[in-house]
């Protein structure tokens, strides 16, 4: 880990009054979102509520039409320290045209650190650690196209972890992921949080990640509907429409088959 | 086999074939990786305008072709960034504009006719002149320096562009560099296989290799090996059999592709058996004997 930057107490992500449009449709309509140092924040909401756009705005991939974004206390315009950020995009089924091994994909997460230098011993060790953390070290030489959805997601997470980021940003890390992989993911995330990382993640359901989450931000129609601690989310009397937004693991008996969902 | 090296023109031809055989798949692999296998073909069309310009200005066509096709490749990249709805239409305009421009300019040149473009279109490796060799050597080395020296960066950009941006890589710069490198490769390969067949040497060795590989580095190594093999052996065959070298090289490459395609089921089966041996406890293909 790096030495904390000057002004170390600034939030790692600070999004204020964020507006964004996709095409002609306003998708974010004045969102405030703050992730403090060491905090784990989940973004929840129905499809089309703007949660993926909010995350992509937070990494500067969706331009804001108004509002402000600061990463580690620096306005996005001047932010260059991308090696502090680990990004896990929504898993796509579109494969690249040329095969790549698990280790090759994970190693590309190390580029922010080694830049133009060849991969050194420290870099290889970090890649190996990331692979072990998600339980994919045994598959390092396999082609990523031969993996299941859950395994592929674990590789994308390892790629982000290989850069030893201080902030992890994940878009739907549980989507299409089997239960065994969800637990591996929760363990990996717990490990990161324990070593001081901050996390912002988009979720459809909290699943095995629930105990890790400090704060949930529920979006609806491009606005923050409410901010809650995770246990408050599952009070249907208080928020009757929750059942369509989140599926509390406690409410629905789950059969843990370990099969692909 | 030795007498072929007694001729200076064949020495130059073999050197050019060797360099193109190495360089074309080395840049082609990135285009294939991001599903732009046909990009080399488009640049080849644009390069025709450059060749015709060289004829009109009575300068070495290699250099005018490099300039025009590099400008075209940059334009293609810009269309990819800023193009609104129909990027493919913009590309078609560029490709066919390049071809028509070439035919127009060559006919405006004093004493020029469309026939003068045929050499560029179908290649003529045996007429590589001494001053062409210098250009081919310099440009191939530049292409290889980019494709091998920046392979991790280019791999990341072509594998997942959005992730590469968040990593802080200069994605636009790398994309432009790749486009210009592809353009340079097209013009280098122009003399060997011809503009209409350049794309084949960039794509087919990669397509052939990836049938039996699992990783990017191995695919890169194998496709460069296959590219060199077909380029050099095609040139030799064309010398003895008195057939056109460009077509011979491409047909050989397709033959290699087919041979590896026939091999693929064997490789896959052996891998499955080995995986079953390694991962029997995980329950994968547990019918296979462990350690088999």
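Taken over the stretch A:70-85, the criterion of being within 14 Å of another protein chain (Cβ to nearest Cβ), farther than 24 Å from residue A:210 by Cα and in contact (Cβ under 8 Å) with a residue 24 or more places away in the chain is satisfied by A:71, A:72, A:81, A:82, A:83, A:84. The helices (runs of 4 or more DSSP H) located wholly in the stretch B:71-188 that include 3 or more residues which are modelled with pLDDT of 90 or more occupy B:87-108, B:130-149, B:151-159, B:161-166. Here residue A:153 does not qualify as modelled with pLDDT of 95 or more, more than 12 Å from chain B (Cβ to nearest Cβ) and either closer than 24 Å to residue A:35 by Cα or not in a loop (DSSP other than H, G, I, E, B) (or both). Within the stretch A:72-87, can you find the residues that are touching a strand residue (DSSP E or B) at 6+ places or on another chain (Cβ under 7 Å) and closer than 15 Å to residue B:161 by Cβ? Answer for the stretch A:72-87, where residues must be touching a strand residue (DSSP E or B) at 6+ places or on another chain (Cβ under 7 Å) and closer than 15 Å to residue B:161 by Cβ: just A:87. Given the criteria closer than 30 Å to residue B:149 by Cα and surrounded by fewer than 23 Cβ atoms within 10 Å (Cβ to Cβ), does residue A:183 qualify? When the stated conditions are applied, residue A:183 does not pass them.
Within the stretch A:114-133, not a single residue is at the interface with chain B (Cβ under 10 Å from one of its Cβ atoms), crowded, with 17+ Cβ neighbours inside 10 Å and closer than 26 Å to residue B:271 by Cβ. Figure legend. Inter-residue proximity from the stretch A:42-64: first residues within 12 Å of chain B (Cβ to nearest Cβ), second residues buried (at least 19 other Cβ atoms within 10 Å of the Cβ) and in a loop (DSSP other than H, G, I, E, B), beta-carbon distance below 6 Å, spacing 6+ or different chains. Indicated pairs: A:56/A:62. Could you please let me know if residue B:228 is at pLDDT 95 or above, away from chain A (no Cβ under 12 Å) and touching a helix residue (DSSP H, G or I) at 6+ places or on another chain (Cβ under 7 Å)? Against the criterion (at pLDDT 95 or above, away from chain A (no Cβ under 12 Å) and touching a helix residue (DSSP H, G or I) at 6+ places or on another chain (Cβ under 7 Å)), residue B:228 qualifies. Among B:199, B:124, which is the only one that is touching a residue at least 12 places away in the same chain (Cβ under 8 Å) and surrounded by 24 or more Cβ atoms within 10 Å (Cβ to Cβ)? Sole residue among the options that is touching a residue at least 12 places away in the same chain (Cβ under 8 Å) and surrounded by 24 or more Cβ atoms within 10 Å (Cβ to Cβ): B:199. Quick one: would you say residue A:140 is surrounded by fewer than 23 Cβ atoms within 10 Å (Cβ to Cβ) and within 23 Å of residue B:223 (Cα to Cα)? So residue A:140 fits the description; yes. Could you check, for the stretch B:232-255, whether at least one of its residues is within 11 Å of chain A (Cβ to nearest Cβ) and out of contact with any strand residue (DSSP E or B) (no Cβ under 6 Å at 6 or more places or on another chain)? No. Of the residues screened, residue A:31 is one that is crowded, with 19+ Cβ neighbours inside 10 Å and more than 10 Å from chain B (Cβ to nearest Cβ). The residue of the stretch A:86-104 that is surrounded by the fewest Cβ atoms within 10 Å (Cβ to Cβ), among those that are over 15 Å from the mean Cα position of the chain (by Cα) and facing chain B (nearest Cβ under 7 Å), is A:96.
The values are calculated or read from the model by the stated rules, or taken from the named source; none is laboratory data. All of these numbers come straight from a predicted model, not from anything done at the bench. Cβ: placed from backbone, ideal geometry, glycine included. Neighbour counts: every protein chain shown.
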